[in-house]
Structure formats: C-alpha cells, structure tokens
C-alpha cells in the first residue's frame, strides 16, 4: 500500500517513514484510526436486551446500596 | 505499488470508513509501533524453534497482564477470605471455572482489537452511538475508580505489615506507577509491568509452605466438595466476590486497547489466545495458591471475619513463619500495584477513545497530556481516599467485587454484539461454540446477580431456593 507520509510537528527521516509504511497495516495508522465506523442499526430484540440489562444493573445497584446501608446499621 | 483504495475498509471487515487522503500524517506513535512490528516481522520470517519462541515473547503481554492484573488486591483478599472461611473444597474448582469464563470472554477482545485496530470504548460509541456509549463509560468509570480504591487498600495494608505508614505506602505506589510510564513506550511499559506482575506467583511458595493436603485438593477438583456450612448468603457473597475477582468490565476495555496499542494484527490472534490462556493459567495458579495458603486458618478455626490484607499475613505467622507471612504481605502489595497500573491505564485508554484525544503509551507527554493526566489523576484520587481513616476495608473490597459481577452482563452483551458484527469482524466473527460459551457466561453471571438480589431483598425466597 503506497502512502505518502506527510510530516507532522515531529520530523521523521525517510527510513522511519519507510519503516512505518512497511510495518503497519493502513488501519493501524493514527490518522486513519481517527475515522469513525458507521453506526449500526439495532434490531428491536437487541434494544430490548440492552434496556433490560440496564434496568437490571440499576436495580442491582440499589440492592447493593441497600445492603451496605443495612450492614452499616 | 497500488494506490490506496478510494473507500478504505477495515482489514477484515466490510465496513467502509470515511475516505482517507493519500497523504497520511505519520505520528510519533506510529513510528514507535512500527519498530515493534518490524521485530515481530523479522521473528516471523525465521522458522527456527528459537525464533518462534522469540516471536511468542514479543507477542505476549496484554493477555498475561490482564489476567495477572485482575489478580489484584481485592481479588487476592477474596481468595484469602475464601480459603480461611471454607478451606480446601468447593471453591478450588469454582475458581478454576471462573478463569475459564475469563478466558472465553477475553479471547474475544483480542479478536476485536486485532481485527478493527480500535479500542473497546471507541467501538461501542461508533457502533451503538453515544447514548449506549455513555452508559458503558459510566459503568467503567465508577467500577474502575472503586476498584482502584481497593488496590490502594491492599497496598496500604500489605506494606503496613512491614511497618510502613499509610501515606508512605500510597506515595511509593504512585511513584512506581509514574516510573512505569516515564519511558513513553508501550513496549517498555508492558515489560516493566509484566516483570512486576510475575511476582503475583509469590503466593505459590507461600501455599507450599503450608504443606497443603494434595489429596483433598484432588478430591475437591473432582467432587466440588466439601462446602462447609452449605449454601448460605455468605457463601453466595464469596462466590460473587470470587467471580468478580476474575471477570470484570475493565478487563474487556484494557485488553482490547492494549492489543491495539501493541499493534497486534489478524496474523497474531493465535498468539493472542496463547497469551490470554497463559495469563489465565498463571493467575489461576496464584489464586488457588492463595486459597491453599489461608486454608490452615479454616482448619484451625480462626475467625477471618474482619481480616484485612496484612492481618491475613499476621494470622499466617504461626503456620508459615515470619518470612512466609512477609511473602504473603508482599504479594498483596504487588497485586495492588500491578492492578493500579493496568486499571488506571484502562480508564485513560477509554477516556482518550471517547474524547478522541491521543491515547497510547507510545506518545510523548507533550502529545498525550490528557491521556497521562487522566491515568495519573485516577490513581492519585483513589489513593487519597484510602488515607481516610476508619474505612471498613474487607467489606469494601467484597462489595466492589460484587459490583464488578453485577456490571459484567451489560458489558458482555456489548462485547458479544461487537464480536458477532459481521460488518466489523468479517470472517473473524465468533464461531457458534464460542457464542454458546459466552452466552453461558452471561446467563451464569446474571443468575448469580439475581440470586444475590433475592438474598438481600427477600431472604425467605432465598431459603425457598435452597439457601439459608
């Protein structure tokens, strides 16, 4: 994969640029990793599971707080 | 050489990322990572046995670190409490099972990281949006901070055995954390932390000093018995604490981000699995050794209700002598220090991924001020809280482990959905057997959480279900 290396604030010599281009996959470059993956569309069941687990977690946190409170008293 | 594609795709996926210009800026982080990857390529090119061993040496790291990192202060304290309350029996195979669960789950993060080259928090935000992303981040932030507090509890208590005052214990551990970071190189940080993590195995000689009854260990592994006192509310709390000692949300975030920072690719996934399995085996050995080390306290009917880390060590003096007890206390210190490094790093990675700031241990301080500040401030904040007098230390660590278990199912479902996302993973999606195992882990953790809730809210129902 050919990519022309653009110099940033830090200056890299040609051998380092060549090392980067030959050793890293394109997706591993910091600049490329700044690109976002597109949002996925969640299905109804998936949204249901996520909400169910969120409610489960909130409820269980309340249980833990209750237990800590009751132990303290 | 061909020009880059107009719509570049992830190396294994079919998700198009936005068009990238042919002029791609190279960063300091890229150069450092390229040096590491060049050594991997060189080792891979040679076929001798020595080269393959060297390749393994180069590629291990995130898996061993995450597993030994999770053998942290509260975990070792949970195992110590387990041994002293239940002796050799049910909990030996149970702890082994928890490490198998951890292996199943953590292997997925290696695949995700190697296939996408993105951290866990970043992927959740990208694929599920900020609404679910923030929920996930809040879980991680709270969980990590609470766990960090317990790490410093362990450090303080462990060094307390040697007469080190709490403020000196906390400051020295922060100094170690800082020293691990000063190189600003992932490779150096990883090797230093691995060297520190190896001391987790100090619990093995401590266990040997107690002359464990190996026949009882063998019988326990086969029969899952005995379980003294039967299945009670306290037993359930210890079970949850032991699960929380092995599988927690920060591990998912840490290993995936470390896999990316290390620069692992699809070709390295097999080594990533070996790395994780090796870590699980070493951590399981240390965990079981801790149970065996404190089992004599059970047979001597010594109450362990209010033991803290150092008190376990002091209680062991009549059994294994002063030197053995000192090793035990040092083990607690090591567990706390390594985990404080890995957990604060996982917080900093997640912050950087979500805030879109540079997030790598390869970046110099000038480029990564936010990353390193978050890392260090998380640890310093937790350390400061530990200096508050009168904290019920053992209770805090058990509760923190329980919270980790409760937060795990939602975190696992995100992981499960990501690793089965064909657009992201391409041909690296989870096979059916892995999905079946992961589903079992989610169901088991959720059931354990529900049972805990029933035991607290409605003890009568808990009795009806067989508890007491």
Can you tell me how many residues within the range B:104-116 are surrounded by fewer than 23 Cβ atoms within 10 Å (Cβ to Cβ) and at the interface with chain A (Cβ under 10 Å from one of its Cβ atoms)?
0
Can you find a residue that is in a helix (DSSP H, G or I), within 14 Å of chain A (Cβ to nearest Cβ), out of contact with any strand residue (DSSP E or B) (no Cβ under 6 Å at 6 or more places or on another chain) and without any contact (Cβ under 8 Å) to a residue 12 or more places away in the chain anywhere in the range B:49-63?
no
For residue B:367, the lone unmet condition from (1) in a helix (DSSP H, G or I); (2) within 12 Å of another protein chain (Cβ to nearest Cβ); (3) buried (at least 16 other Cβ atoms within 10 Å of the Cβ) is (1)
Please verify whether the range B:451-466 includes one or more residues that are within 25 Å of the chain's Cα centre (by Cα) and either on the phi > 0 side of the Ramachandran plot or buried (at least 22 other Cβ atoms within 10 Å of the Cβ) (or both).
yes
Of all helices (runs of 4 or more DSSP H) fully inside the range B:398-468, the set with 1 or more residues that are more than 23 Å from residue B:250 (Cβ to Cβ) and without any contact (Cβ under 8 Å) to a residue 12 or more places away in the chain is B:432-457, B:459-464
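Condition check ((1) without any contact (Cβ under 8 Å) to a residue 12 or more places away in the chain; (2) farther than 26 Å from residue B:97 by Cα; (3) in contact with a helix residue (DSSP H, G or I) (Cβ under 6 Å, 6 or more places away or on another chain)) across all residues:
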| residue | (1), (2), (3) |
| --- | --- |
| B:151 | no, no, yes |
| B:156 | no, yes, yes |
| B:184 | no, yes, no |
| B:204 | no, no, yes |
| B:233 | no, no, yes |
I'd like the full set of residues that are closer than 13 Å to residue B:27 by Cα, at pLDDT below 90 and part of a loop (DSSP other than H, G, I, E, B), limited to the range A:1-40.
A:7, A:8, A:9, A:10, A:11, A:12, A:13, A:34
Which pairs have Cβ atoms under 7 Å, sit 6 or more apart or on different chains, and link a residue in the range B:340-356 that is within 14 Å of chain A (Cβ to nearest Cβ) to one that is part of a loop (DSSP other than H, G, I, E, B) and buried (at least 24 other Cβ atoms within 10 Å of the Cβ)?
B:349/B:119; B:349/B:359; B:352/B:359; B:353/B:119; B:353/B:359
Determine which single condition residue B:388 fails, assuming it passes every other condition in (1) crowded, with 18+ Cβ neighbours inside 10 Å; (2) more than 14 Å from chain A (Cβ to nearest Cβ).
(1)
Hey, any hits in the range B:79-101 for a residue that's under 30 Å from residue B:33 (Cα atoms), surrounded by 24 or more Cβ atoms within 10 Å (Cβ to Cβ) and out of contact with any strand residue (DSSP E or B) (no Cβ under 7 Å at 6 or more places or on another chain)?
no
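The values are calculated or read from the model by the stated rules, or taken from the named source; none is laboratory data. Bear in mind that the values here come from a model prediction, so they are computed numbers and not experimental data. Cβ: placed from backbone, ideal geometry, glycine included. Neighbour counts: every protein chain shown.
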